[in-house]
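Only one structure is covered here, and it is reproduced in the block below.
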Amino acid sequence: MARARIDDGLGRAAFATVRAIGAGIEGGADGRALAASVDRTTLALAVRYSLQLLAEQAPGGTVEVRVPPYAAVQCVEGPKHTRGTPPNVVETDAATWLALAAGDLSWVDARAAGRVHASGQRADLADHLPVLPA
């Protein structure tokens, strides 16, 4: 069963809260520092909302984007997989995902720094980011 759509007001508020707290973390917000500074419910809501926007802006089932332990979505037009592990997977931590979603971090820089793991020919989200620019 599909999850209910997250209200834009709630999602944007959670996203803004997480960004504001992350900006105040000395030395930048890596995954552990952000998770320790933001309550889990707010962080999960911000991640789920931004992934929801990605799936709405780039509908499809070719790429699976995972931000464990919070959420995963399928997006991007093209061949859809139906069973087992999808051939195109993007996985990252919450802090990296939120930075990508906001446009604070580019896809190329995240890949070069090893902050995003992407496998498959279509596992490139550069054309679909940011999803919620500042």
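Across the range 105-134, the qualifying residues are those that are touching a Pro at 6+ places or on another chain (Cβ under 9 Å) and touching a residue at least 40 places away in the same chain (Cβ under 8 Å), and the one among them that is surrounded by the fewest Cβ atoms within 10 Å (Cβ to Cβ) is GLY120.
Of the residues in the range 19-42, not one is surrounded by fewer than 21 Cβ atoms within 10 Å (Cβ to Cβ), touching a Gly at 6+ places or on another chain (Cβ under 7 Å), over 20 Å from GLY9 (Cα atoms) and modelled with pLDDT under 95. Kindly indicate which of ALA55, ALA46 is aliphatic (A, V, I, L, M), more than 20 Å from THR17 (Cα to Cα) and modelled with pLDDT of 95 or more. Exactly one of ALA55, ALA46 is aliphatic (A, V, I, L, M), more than 20 Å from THR17 (Cα to Cα) and modelled with pLDDT of 95 or more, namely ALA55.
Looking for something among the small types (Gly, Ala, Ser) and at pLDDT 95 or above - is there at least one such residue anywhere in the range 63-78? Yes: the range 63-78 contains one or more residues that are among the small types (Gly, Ala, Ser) and at pLDDT 95 or above. Kindly indicate whether LEU98 is within 20 Å of ARG40 (Cα to Cα), buried (at least 21 other Cβ atoms within 10 Å of the Cβ) and either of a type in the set (Asp, Glu) or under 11 Å from the mean Cα position of the chain (by Cα) (or both). Here the answer is yes, as LEU98 does meet what is asked. Here ALA113, ALA126, ALA101, ALA95 are screened, and the one residue that is farther than 25 Å from ARG12 by Cα and small (Gly, Ala, Ser) is ALA113. Can ARG122 be described as assigned to a loop (DSSP other than H, G, I, E, B) and at pLDDT below 95? Judged against the criteria, ARG122 is a match. Quick check, is GLY103 over 24 Å from THR42 (Cα atoms) and at pLDDT below 95? No: the conditions fail for GLY103. If you go through the range 76-91 and pick out every residue that is buried (at least 21 other Cβ atoms within 10 Å of the Cβ) and under 16 Å from SER50 (Cβ atoms), you end up with 2.
The values are calculated or read from the model by the stated rules, or taken from the named source; none is laboratory data. All values reported here derive from a predicted model rather than from experimental measurement. As a convention, Cβ positions derive from the backbone with ideal geometry for all residues, glycine included, and neighbour counts pool all protein chains shown.
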